[in-house]
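The values are calculated or read from the model by the stated rules, or taken from the named source; none is laboratory data. Note that this is a predicted model, so its numbers are computed, not measured. Positions of Cβ are generated from backbone atoms using ideal geometry, with glycine treated the same way; all protein chains shown enter the neighbour counts. Keep in mind that these areas ignore ligands, DNA and RNA; they rest on the heavy atoms of the full protein, side chains included. Shrake-Rupley method; radii C 1.70, N 1.55, O 1.52, S 1.80 Å.
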Amino acid sequence: KLNNYLIVKKSLPRELVNEVDAVKAFTYLRTMQLHTKGDYYLYCASLNLLNTYVKQSDAKKGANYNFKSYLRPLLHSIVNNQPEDVYFDYKKDDKGKITLLDIDGIQFSFHNVAIDPLIEEALSNGKGSKNIEWDGIKKQHNATTLFEAGVRGKRFRSNLTRDNYELDEYVEEVAEKYKRKEKVVAR
């Protein structure tokens, strides 16, 4: 259903990512636990949102691709936990190396992500990986829609920080402090 919706939305103007959503997405990446398909989906949607944000002309000065360092822990989690209907693949295309992720039929892709020996081994033995053919739907075009769907899908997520706090509550607290330019205390 979501893929069909994204195909229809493809003809609409590209969604812009606002700065507060970028802060929320980064906070999810830094703090969330990965247990359920919903967790993996929100994590990938957060990466996708940040990937879109850094390319916008109005992105905050200093926004960069450092968020891609959060792909390695994601791939390790997939290899180590092998969650149902969550897979990755690594290919080369005309733009270089590409990491494809498939979360219950929704795909995300990221270019130029380095792989390490654990991921190489998983690719060779199929542990958490499978051959994924790209669906042709550019997810950055609808990054905000995908991100909001992940946030709203709370009943499909563990909704816990790594320190077992309520995740969404913490993310909202960080966003509010960011808006007020207050110091954020990490949990």
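Quick notes on this structure:
- Basic side chains Lys and Arg get +1 at the Cβ, acidic Asp and Glu get -1 at the Cβ, and with that the dipole of the range 1-154 about its Cα centre reaches some 440 debye.
- Solvent-accessible area per residue, Å², over the range 46-133 with all protein chains present [probe radius 1.4 Å]: 51
- Listed residue (V86, Q33, S11) projecting farthest to the positive dipole end of the range 1-88, Cβ model: S11
- Pairs of Cα atoms nearer than 8 Å and 6+ residues apart set the relative contact order; for the range 24-150 it is 28 percent.
- Normalised per residue, the accessible area of the range 137-176 is 50 Å², obtained with a 1.4 Å probe and no contribution from ligands, DNA or RNA.
- Where the alpha-carbon atoms of the range 78-137 are placed on the principal axes, they occupy 30, 25, 14 Å, in descending order.
- Alpha-carbon centroid distance for the pair the range 16-85 / the range 134-163, whole angstrom: 9
- Only protein heavy atoms count here; on that basis, with a 1.4 Å probe, F26 has an accessible area of about 80 Å².
- The range 84-187 - percent of accessible surface contributed by carbon and sulfur, probe 1.4 Å: 48
- Using equal-weight Cα scatterers in the Debye expression, the normalised intensity of the range 3-107 in log10 at q = 0.11, 0.14, 0.24 Å⁻¹ is -0.38, -0.62, -1.42.
- Reported label for calculated Kirkwood radius over Cα pairs in Å given [x] 19.2; [y] 17.9; [z] 17.0: [z]
- The Cα-based radius of gyration and maximum Cα-Cα distance (Dmax) for the range 94-182 are 16.9, 49 Å.
- Modelled label reach - D104, point 7 Å along Cα→Cβ, the range 135-176 residues with backbone N closer than 14 Å: 149-159
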